[in-house]
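The values are calculated or read from the model by the stated rules, or taken from the named source; none is laboratory data. These numbers come from a predicted model, not from an experiment. Note that we place each Cβ from the backbone using ideal geometry, even for glycine, and neighbour counts take in every protein chain shown. Side chains included, ligands, DNA and RNA excluded: accessible areas come from the protein's heavy atoms. Shrake-Rupley method; radii C 1.70, N 1.55, O 1.52, S 1.80 Å.
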Number of protein chains: 2
Amino acid sequence: MTSVLENLALDSEPPCTPTTPRPATVRIGQLGLGNVGAALARLTAHSSVELQAHGLAPVTPVALVRSIDRPRPAAEFVGQLTNDPDTFFAQPLDVVVEIMGGVEPAYSLVRRALDRGVPVVTANKSLVAAHGEALCDLARRNGTTLRYEASCIAGVPFIGTFDRRPLASRIDGLTAILNGTSNTILTAIANGSTFEHALDDAQQRGLAEPDPSADITGRDAAEKLTLLIRQFGRLLVTPDAVPTTGISGVDPVDLRAAALLGGSVKPLAHAEWNEGALQAFVGPAFVAAGHSLARIHGATNGIVLHSTRGPLCYAGPGAGPDVTAVTLLDDVCEVATESRVQTPNPIAACAATPQWTQESGWFVRVEGRPPAIETSELLGSYGLWCERTATVDERLYALTYPTTAAKVHAALNALRAATGDAARALPAFSAEGDAC
Amino acid sequence: MTSVLENLALDSEPPCTPTTPRPATVRIGQLGLGNVGAALARLTAHSSVELQAHGLAPVTPVALVRSIDRPRPAAEFVGQLTNDPDTFFAQPLDVVVEIMGGVEPAYSLVRRALDRGVPVVTANKSLVAAHGEALCDLARRNGTTLRYEASCIAGVPFIGTFDRRPLASRIDGLTAILNGTSNTILTAIANGSTFEHALDDAQQRGLAEPDPSADITGRDAAEKLTLLIRQFGRLLVTPDAVPTTGISGVDPVDLRAAALLGGSVKPLAHAEWNEGALQAFVGPAFVAAGHSLARIHGATNGIVLHSTRGPLCYAGPGAGPDVTAVTLLDDVCEVATESRVQTPNPIAACAATPQWTQESGWFVRVEGRPPAIETSELLGSYGLWCERTATVDERLYALTYPTTAAKVHAALNALRAATGDAARALPAFSAEGDAC
């Protein structure tokens, strides 16, 4: 009997001379040459060693930009800059990469590429949230593909993986941190900062946009959640329809209370579905310390996919030009090496209306330093039972047993009527079923 | 200007009538019909809805087994059982799935399939650790593929993903929990069990094999680490060459001390590489509470891939017949839908010798309740500086500043010579760089 070592030596004789396949030229047309576009053009020019070993030689003959007068540091990596779509589409292209952002004119331009059978790679969550199903259908009818790995948790490939794997894709819900700016701000608040200072600091470090409203209102996460609900649940919703709360109401006292109650407040996106019924929300929520997302800090993003086989967890860098460029160019490589044979039709997606009406735990805050026992009893008499309470500064905080949002509203209104104490509540998630 | 909602309604008109592509028959030949093989044959027969929507209709016309006399509950899902390889290979097959385990006869049978250009899907980490490079070369030469997603963290697809993505694959190291049995036992010990009781309980719950030696000695994790080092580092090692320690030396006092020092002891597999030099080990190690792997409990597996863009984390169910069957059948679906065009040659892999000679922190245990300050000073005089100490029962525990294994050995030997106190040490990992 031979040992493993002998077998290995026998048949592989590791050759350390590089193999020299003849790389195939891949002509990339870029729709956009802003921060992400510049990072992509630079990466494409600088990655020839890895990509030639993979059999590919990508080049960027043309980029469509809004203004050809503005100086652009990455212009040297692009053959031609144009602001004319006809000039752009007159070039022979193997793949179009869309990094303009926003729905229009991106939507029209992507359709134009797919109509010609040219595959499209995009990082644009607004576009995929609004028109993902229509664009995938269009790609399929034209025998080509639309890829959008970079549109959601840009640094961690998982969307394309599940696209190819019908059995792993038996997912019945997900909980995620999809917006790095919100998570950076809440992490800073947990470390003692105020909301305003945390936002200012994130902007100065380039982690938040000059106009951060899409991030802090939850709109960005709602678009990404919409995209993921279509992907994994085969349900069509609009971002506007997702019950969404921004993070601006969360303050340092909330974070201290959450820590005292054994967890943290995180900017969550959550969805679960069952026979076409969809429960979903975006907003700050309490997560117990053992939950997989409790420790996703700063600009890191993460997702827990719920399957009957247990939770599957993916986490890593969520955004940034260099991170996004890597994922876009990998999508280009996949598109360039995969078969042009039409992918089979997936299960048709159905329209759905997301609600948040099911029972969950709640993280309740009551202003005015009310007495804990009496307040708990009063809330309990309206069906909102407190499991644990903590008093921080002038507020009473409670973690409740599971109940519906309607019951929480009724109990908090009754409390206000009885005592005058203002109160609010965030959904609360235990670690159970979400620890991996 | 139209709203997102109007656009969506306009172009998708969600059809809830299922599409009816004509599914392609995929003839699977199973090498093996044990626990995993039975789960696969059953899943193949019972997944027709998902798979037809994906355009595929897999069937299992034949399975090769050691004995055709043994009653097999899953035989009803297989056209023909045979113990004759010639009969097996006389069937026209679209894919061969190998779930026999072990290196031979699996190796010869997989070569025979690949030699005929038939793609192979396997869950066999021993086979891929020993012969992965040779088998991938053979597949490539025959214009076909070898897939082994189920061989490592069976429930979480990531290996095939990185195979397709050359830029995300710029990974320079990894830290992982790859053996669910070891992790189940250490988790139970952390919760107050003894090693013997934890092993016995894991066996009774079907989480540990009747012969658990490959799990508790670290051999299983060393094979999986070997496979991952080839995959991500393009370095060829043998499992025998990986410095490997089993978990049987870890007791409940160690786990209590680890908790006092702000972490846990986990069954790790670790590797990092730089220009052909490879640092690697398998064995129990201290991980700080903020580390991504500190909270991977029980049968769950997890991996942190180190990239210049930050850590990428994947976690989920690591093994089990049903989990493994899902991943095997998804690999079959990928093989059946992807192009038969030869994948380009990847970068050639080189032989390497794994060592654990670099500096790391250490979790030191000294028997005999020695005085903390004097012992720390003595260890420090030999270059092993303690950052924190804790005394539990009759032992002194310390977390040290980074140093090499050689210095640790020298210091512990000097301590023993001076005081007679027996001591041992495990590598210690902080959360830095590994939190996601």
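For B:VAL95, state whether it is touching a residue at least 60 places away in the same chain (Cβ under 8 Å), among the hydrophobic types (A, V, I, L, M, F, W, C) and within 16 Å of B:LEU329 (Cα to Cα). It is true that B:VAL95 is touching a residue at least 60 places away in the same chain (Cβ under 8 Å), among the hydrophobic types (A, V, I, L, M, F, W, C) and within 16 Å of B:LEU329 (Cα to Cα).
Which of the residues that make up the range B:103-132 are within 11 Å of another protein chain (Cβ to nearest Cβ) and touching a Leu at 6+ places or on another chain (Cβ under 8 Å)? Scanning the range B:103-132 gives B:VAL103, B:TYR107, B:ARG111, B:LEU127, B:ALA129, B:ALA130, B:HIS131, B:GLY132.
When residues of the range B:133-158 are filtered for being in contact with a Ser or Thr (Cβ under 8 Å, 6 or more places away or on another chain) and either more than 8 Å from chain A (Cβ to nearest Cβ) or under 11 Å from B:GLN231 (Cβ atoms) (or both), how many remain?
12
Only residues that are more than 14 Å from A:ALA74 (Cα to Cα), surrounded by fewer than 24 Cβ atoms within 10 Å (Cβ to Cβ) and not basic (Lys, Arg) were counted in the range A:21-37, giving 5.
Residue-by-condition table, conditions (1) crowded, with 23+ Cβ neighbours inside 10 Å; (2) closer than 27 Å to A:HIS54 by Cβ; (3) modelled with pLDDT of 95 or more; (4) within 14 Å of another protein chain (Cβ to nearest Cβ):
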{"site": "B:GLY218", "(1), (2), (3), (4)": "yes, no, yes, no"}
{"site": "B:ALA222", "(1), (2), (3), (4)": "yes, no, yes, yes"}
{"site": "B:ILE229", "(1), (2), (3), (4)": "yes, yes, yes, yes"}
{"site": "B:PRO243", "(1), (2), (3), (4)": "no, no, yes, no"}
{"site": "B:GLY249", "(1), (2), (3), (4)": "no, no, no, no"}
{"site": "B:PRO267", "(1), (2), (3), (4)": "yes, no, yes, no"}
{"site": "B:VAL282", "(1), (2), (3), (4)": "yes, no, yes, no"}
{"site": "B:ALA289", "(1), (2), (3), (4)": "no, no, no, yes"}
{"site": "B:ILE303", "(1), (2), (3), (4)": "yes, yes, yes, yes"}
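Of the residues contained in the range B:309-316, none is found to be open to solvent by 20 Å² or more (accessible area, probe 1.4 Å) and of a type in the set (Phe, Trp, Tyr).
Residues that are touching a residue at least 12 places away in the same chain (Cβ under 8 Å) and in contact with a Cys (Cβ under 8 Å, 6 or more places away or on another chain) number at least 2 in the following helices (runs of 4 or more DSSP H) confined to the range A:192-310: A:219-233. Restricting the range A:105-116 to residues that are part of a helix (DSSP H, G or I) and open to solvent by 10 Å² or more (accessible area, probe 1.4 Å) leaves a set whose member that is nearest to A:GLY318 (Cα to Cα) is A:TYR107. Criterion applied to B:GLU338, B:GLU394, B:GLU367 was being free of Cβ contacts under 8 Å to residues at least 40 places away in the same chain and out of contact with any Phe, Trp or Tyr (no Cβ under 9 Å at 6 or more places or on another chain), and the one residue passing it is B:GLU394. On the given criteria, is B:VAL97 modelled with pLDDT of 95 or more and either more than 12 Å from chain A (Cβ to nearest Cβ) or assigned to a loop (DSSP other than H, G, I, E, B) (or both)? Yes; evaluated as a whole, the condition is true for this residue. Within the range B:317-349, being at pLDDT 90 or above, of a type outside the set (Gly, Ala, Ser) and in contact with a Ser or Thr (Cβ under 7 Å, 6 or more places away or on another chain) holds for B:PRO317, B:LEU329, B:VAL335. Of all residues in the range B:147-154, none satisfies being free of Cβ contacts under 8 Å to residues at least 40 places away in the same chain, of a type outside the set (S, T, N, Q), closer than 27 Å to A:LEU51 by Cβ and open to solvent by 10 Å² or more (accessible area, probe 1.4 Å). Taking the residues in the range B:117-132 that are in contact with a strand residue (DSSP E or B) (Cβ under 9 Å, 6 or more places away or on another chain) and open to solvent by 20 Å² or more (accessible area, probe 1.4 Å) as candidates, determine which candidate is nearest to B:LEU227 (Cα to Cα). It comes out as B:ALA123. Within the range A:34-64, being part of a helix (DSSP H, G or I), out of contact with any Ser or Thr (no Cβ under 6 Å at 6 or more places or on another chain) and in contact (Cβ under 8 Å) with a residue 24 or more places away in the chain holds for A:ASN35, A:GLY37, A:ALA38, A:ALA39, A:LEU40, A:ARG42, A:LEU43, A:ALA45, A:LEU51, A:GLN52, A:ALA53. Every condition in (1) under 30 Å from A:ILE303 (Cα atoms); (2) surrounded by 16 or more Cβ atoms within 10 Å (Cβ to Cβ) is met by B:GLU432 except one, and the failing one is (2). Could you tell me whether A:LEU255 is modelled with pLDDT of 95 or more, open to solvent by 40 Å² or more (accessible area, probe 1.4 Å) and within 20 Å of A:THR400 (Cα to Cα)? So A:LEU255 fails the test. A:ALA319 passes every criterion in (1) more than 13 Å from the chain's Cα centre (by Cα); (2) part of a loop (DSSP other than H, G, I, E, B) apart from (1). Evaluated against (1) assigned to a helix (DSSP H, G or I); (2) surrounded by fewer than 24 Cβ atoms within 10 Å (Cβ to Cβ); (3) in contact with a helix residue (DSSP H, G or I) (Cβ under 9 Å, 6 or more places away or on another chain); (4) not β-branched (Val, Ile, Thr), A:GLY173 falls short on exactly one condition, (1).
Would you say B:ASP331 is of a type in the set (D, E, K, R) and exposed (fewer than 15 other Cβ atoms within 10 Å of the Cβ)? Taking the combined requirement at face value, the residue does not satisfy it. Meeting the requirement of 2 or more residues that are surrounded by fewer than 18 Cβ atoms within 10 Å (Cβ to Cβ), the strands (runs of 3 or more DSSP E) wholly within the range A:357-422 are A:386-392.
Mind checking which residues of the range A:218-253 are under 30 Å from A:THR389 (Cβ atoms) and out of contact with any strand residue (DSSP E or B) (no Cβ under 6 Å at 6 or more places or on another chain)?
To start, the set of residues in the range A:218-253 that are under 30 Å from A:THR389 (Cβ atoms) comprises A:218, A:221, A:243-253.
Residues satisfying the conditions are A:GLY246, A:SER248, A:GLY249, A:ASP251, A:PRO252.
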